[in-house]
Amino acid sequence: MFWPSLVGCLFASLFLFGSAYLIWYKKDLTFIAGYDEKKFKGNKDRLARAYGIFCLASGILTVLLPFGMEFIGSYTGVIIGIWITVGILVLSFYSQSLNKERKDI
């Protein structure tokens, strides 16, 4: 069962790496769900950097998932799931704080 999960996780991680490239380096913020150019008043470079780093970290964790499941056990999936969930929560609060920053100073 290792090889099919490895192939699936590699495809998912390639998608995440591609998203990180488009969001972080190309600053294409349309890939962020719920992003509206008119409503966001914060620093777009910091937002792109935060979402790009999150996609990159999620891609790395997705690549490591089948190896952890094979050699450590099923607890690896739970731990990685908790890390990604906490990362999503932190990222959502961080993006809200970026939107509330004032740029007139």
statement: Result of the Cβ filter at 6 Å on the range 30-51, keeping first residues that are open to solvent by less than 100 Å² (accessible area, probe 1.4 Å) and partners that are not in a helix (DSSP H, G or I), at least 6 apart or interchain, is Gly42/Glu101; Ala48/Lys27; Tyr51/Ile32
query: Pairs under 6 Å by beta carbon, first residue without any contact (Cβ under 8 Å) to a residue 12 or more places away in the chain and open to solvent by 90 Å² or more (accessible area, probe 1.4 Å) in the range 67-81, partner among the hydrophobic types (A, V, I, L, M, F, W, C) and assigned to a helix (DSSP H, G or I), six or more apart or different chains?
result: none
query: Just wondering, is there one or more residues in the range 53-65 that are small (Gly, Ala, Ser), at pLDDT 95 or above and surrounded by 16 or more Cβ atoms within 10 Å (Cβ to Cβ)?
result: yes
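The values are calculated or read from the model by the stated rules, or taken from the named source; none is laboratory data. As the structure is a prediction and not an experimental result, all values here were calculated from the model. Glycine gets a Cβ as well: all are built from the backbone with ideal geometry, and neighbour counts include every protein chain shown. Accessible surface areas use protein heavy atoms only, side chains included; no ligands, DNA or RNA. Shrake-Rupley method; radii C 1.70, N 1.55, O 1.52, S 1.80 Å.
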